[in-house]
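One structure is given here, and the rest of the page talks about it.
The values are calculated or read from the model by the stated rules, or taken from the named source; none is laboratory data. Owing to the predicted nature of the structure, the values given are computational and were not obtained by experimental measurement. So basically every Cβ, Gly included, is an ideal-geometry build from the backbone, and we count neighbours across all protein chains shown. Surface accessibility is based on the protein's heavy atoms, side chains included, excluding ligands, DNA and RNA. Shrake-Rupley method; radii C 1.70, N 1.55, O 1.52, S 1.80 Å.
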Amino acid sequence: MTEYKKPKKFDRNMIVIGAGSAGLVTSYIAATVKARVTLIEGHRMGGDCLNTGCVPSKALLRSAAVIHEMGRAADFGLKPVTVDFDFADVMDRVQQKIETIAPHDSIERYTQLGVECITGYAKLISPWEVEVNGQILSARSIVIATGARPALPPIPGLANTGFVTSDTVWDLRAKPKSIAIMGGGPIGCELSQAFSRLGVEVMQIEMLPRLLMREDEEVSALVLQQFREQGIRVMLEHKVVGVDRYARDKVLICEHHGKRVVVNCDEILVAVGRTANVDGLGLEDLGIELNPNRTIKTDDYLRTPKFPHILACGDVAGPYQFTHTASHQAWYASVNGLFGSLKKFKADYSVIPWATFTDPEVARVGLNELEAQERNIPYEVTRYSLSGLDRAITDDETQGFVKVLTKPGKDKILGVTIVAAHAGELIAEYVLAMKHGLGLNKLLGTIHIYPTMNEANKNTAGEWRKNHKPEWLLRWVERYHHWRRH
């Protein structure tokens, strides 16, 4: 085992490797508290979220949604509209949105904030030293925030036939006539709906029995119904076992209940998950452990067990791979890395929200029924359908529901699932309530503007209250009113 000599002094207080959400926020906090911090990025500032993830996907979804809305003109009392567009223009707009937001994450901005920014690929050569561009930098603490990339399944013929991922699909300018999308998770579902609305024939292939397997079954069923009604060919329990090319077509060979199913398409998009970027960092040389899913193993304070001054946050650490959890972890990584010898803080994952931006959107915080049952946690369900919400009716957005899990007999919120237009916005009230221990009675006693979609939250609390009304008190009040009439 190699023994490393700790430097007597350090060039920097902190080195951050990776300039995605986790690395940007870590370095920003470090600079704010007057530490000398260096941020190293080998590719593009902003990481996946800005360049290949959240920003481009939401820009594409917005264009696709406008096309879909125009196609529904008759539903709103308007004459039918013929939608004419150029696919390349839509994809160029996506790039424009990236370019508009890019200055927020730029080297220029972070340099002004007091962060030293270096473009290059970093490698740990000792527990306190990093090599980049032939230069050796030392720091008292190091934060690894290198993110993740699309996972590529070892399917025979896939590499030779050619494919795109959520990283490379943004380079397309010629609209494919048909696309096979491998994966039924959030990325696969969002892109399936987007491409379908852009006039592409979509075959979505998922080896598991339903879409969005982390959500409750009724959520998966509603999304599946919407997709099939909109013309997406969803192929569940289909395992891709080979890929080939026949004439101008790309061909996927699938297994489905023991039978062979062949899917022909112009393009293949692989969206079967993400894998942490840990290669080339020198972790194995230092003996830094990885989890079975190849994320970096950390303790409750985001420190690597072998070297507590080396921390990891964001997608490379897990357990969640969201931009907002990456920036949430960044606070703990920066504070524990800089001040851990004085006081350290456990990363808090008690209230983690997320959303899948399909139409309708799927948003969740806390437990759903699936998880509560797996963990044997007792719960009650209160469900409110959007079909009865005035604003949903006027907007023709009645698909979906709000579902709240509470402790039996109590109004304490254990978790919320919302399937609705703007579900990602509606969930925020419940995130705040859970974070600060507010129950459904507090939501019910809060004035909500009429008519808004947010009233769905108050109405759900009203449903809970109705189901828990004090029958003994109502019987007494009834007798009291009877007495008052006589």
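Scanning the stretch 239-262 for any residue that is open to solvent by 10 Å² or more (accessible area, probe 1.4 Å), under 30 Å from Tyr384 (Cβ atoms) and in contact (Cβ under 8 Å) with a residue 24 or more places away in the chain turns up nothing. Identify the single condition in (1) at pLDDT 95 or above; (2) among the small types (Gly, Ala, Ser); (3) over 17 Å from the mean Cα position of the chain (by Cα) that Ala355 does not satisfy, given that it satisfies every other one. Failing condition for Ala355: (3). Mind checking whether some residue in the stretch 113-130 is of a type outside the set (Phe, Trp, Tyr) and without any contact (Cβ under 8 Å) to a residue 12 or more places away in the chain? No, the stretch 113-130 contains no residue that is of a type outside the set (Phe, Trp, Tyr) and without any contact (Cβ under 8 Å) to a residue 12 or more places away in the chain. Please go through the stretch 127-137 and pick out each residue that is part of a strand (DSSP E or B) and open to solvent by less than 10 Å² (accessible area, probe 1.4 Å). If the condition is that a residue be part of a strand (DSSP E or B) and open to solvent by less than 10 Å² (accessible area, probe 1.4 Å), then Val130, Val132, Leu137 are the ones that fit.
Each row is one residue, and each column tells you yes or no for (1) over 26 Å from Val316 (Cβ atoms); (2) in contact (Cβ under 8 Å) with a residue 12 or more places away in the chain; (3) under 20 Å from the mean Cα position of the chain (by Cα); (4) open to solvent by less than 70 Å² (accessible area, probe 1.4 Å).
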| site | (1), (2), (3), (4) |
| --- | --- |
| Gly20 | no, yes, yes, yes |
| Val33 | no, yes, no, yes |
| His43 | no, no, no, no |
| Leu50 | no, yes, yes, yes |
| Glu108 | no, no, no, no |
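Summed over the stretch 272-293, the residues that are closer than 18 Å to Ala122 by Cα and in a strand (DSSP E or B) give a count of 1.
Can you find a residue that is in contact with a helix residue (DSSP H, G or I) (Cβ under 8 Å, 6 or more places away or on another chain), crowded, with 23+ Cβ neighbours inside 10 Å and either assigned to a helix (DSSP H, G or I) or not β-branched (Val, Ile, Thr) (or both) anywhere in the stretch 294-302?
Step one: filter the stretch 294-302 for residues in contact with a helix residue (DSSP H, G or I) (Cβ under 8 Å, 6 or more places away or on another chain), giving 295-296, 301-302.
Of the ones still in play, those that are also crowded, with 23+ Cβ neighbours inside 10 Å are 296, 302.
Of the ones still in play, those that are also either assigned to a helix (DSSP H, G or I) or not β-branched (Val, Ile, Thr) (or both) are 302.
Checking the stretch 294-302: at least one residue is in contact with a helix residue (DSSP H, G or I) (Cβ under 8 Å, 6 or more places away or on another chain), crowded, with 23+ Cβ neighbours inside 10 Å and either assigned to a helix (DSSP H, G or I) or not β-branched (Val, Ile, Thr) (or both).
Using the structure shown, decide if Val316 is closer than 30 Å to Leu224 by Cα, surrounded by 15 or more Cβ atoms within 10 Å (Cβ to Cβ) and in contact (Cβ under 8 Å) with a residue 60 or more places away in the chain. So Val316 fails the test. Go through the residues of the stretch 139-154 one by one and say whether even a single one is closer than 30 Å to Met14 by Cβ, charged (D, E, K, R), at pLDDT 95 or above and buried (at least 17 other Cβ atoms within 10 Å of the Cβ). Looking through the stretch 139-154, at least one residue is closer than 30 Å to Met14 by Cβ, charged (D, E, K, R), at pLDDT 95 or above and buried (at least 17 other Cβ atoms within 10 Å of the Cβ). Among the helices (runs of 4 or more DSSP H) confined to the stretch 1-105, the ones with at least 3 residues that are farther than 23 Å from Asp359 by Cα and at pLDDT 95 or above are located at 21-32, 87-101. Going by what's in this entry, would Glu131 be described as over 25 Å from Gly280 (Cα atoms) and not β-branched (Val, Ile, Thr)? It is false that Glu131 is over 25 Å from Gly280 (Cα atoms) and not β-branched (Val, Ile, Thr).
Screening the stretch 194-204 for residues that are under 14 Å from Gln226 (Cα atoms) and touching a helix residue (DSSP H, G or I) at 6+ places or on another chain (Cβ under 7 Å) and picking the one that is most open to solvent (accessible area, probe 1.4 Å) gives Arg197.
Give me the residue from the stretch 303-326 that is in a loop (DSSP other than H, G, I, E, B) and of a type in the set (Gly, Ala, Ser) and, out of that set, nearest to Val143 (Cα to Cα).
Quick first cut of the stretch 303-326, residues in a loop (DSSP other than H, G, I, E, B) only: 304-309, 313, 317-322.
Those still in the list that are of a type in the set (Gly, Ala, Ser) too: 317-318.
Numbers: Ala317: 11, Gly318: 14 Å.
Result: Ala317.
Here Glu425 meets the list (1) farther than 24 Å from Ser220 by Cβ; (2) within 23 Å of the chain's Cα centre (by Cα); (3) among the acidic types (Asp, Glu) almost entirely, failing just condition (1). Meeting the requirement of 1 or more residues that are more than 30 Å from Arg72 (Cβ to Cβ) and open to solvent by less than 50 Å² (accessible area, probe 1.4 Å), the strands (runs of 3 or more DSSP E) wholly within the stretch 327-413 are 361-366, 380-385, 401-406.
What number of residues within the stretch 205-214 satisfy the criterion of being assigned to a loop (DSSP other than H, G, I, E, B) and either of a type in the set (S, T, N, Q) or open to solvent by 10 Å² or more (accessible area, probe 1.4 Å) (or both)? Give the steps one after another, and end with the answer.
Taking the stretch 205-214 and keeping what is assigned to a loop (DSSP other than H, G, I, E, B), we get 207-214.
If we keep only those that are either of a type in the set (S, T, N, Q) or open to solvent by 10 Å² or more (accessible area, probe 1.4 Å) (or both) as well, we get 207-210, 213-214.
Number of matching residues: 6.
The numbered conditions (1) without any contact (Cβ under 8 Å) to a residue 40 or more places away in the chain; (2) touching a Gly at 6+ places or on another chain (Cβ under 7 Å) are all true for Glu69 except (2). Tell me yes or no: at least one residue of the stretch 180-191 is open to solvent by less than 10 Å² (accessible area, probe 1.4 Å), more than 30 Å from Tyr4 (Cα to Cα) and assigned to a loop (DSSP other than H, G, I, E, B). Yes, that holds for at least one residue. The C-beta contact set for the stretch 223-236 (first residue open to solvent by 30 Å² or more (accessible area, probe 1.4 Å), second residue polar (S, T, N, Q) and outside any strand (DSSP E or B), distance under 8 angstrom, 6+ apart or interchain) comprises Gln230/Gln193; Gln230/Ser196; Gly231/Ser196.
Yes or no: Asn454 under 23 Å from Leu222 (Cα atoms), open to solvent by 60 Å² or more (accessible area, probe 1.4 Å) and modelled with pLDDT of 95 or more? Judged against the criteria, Asn454 is a match.
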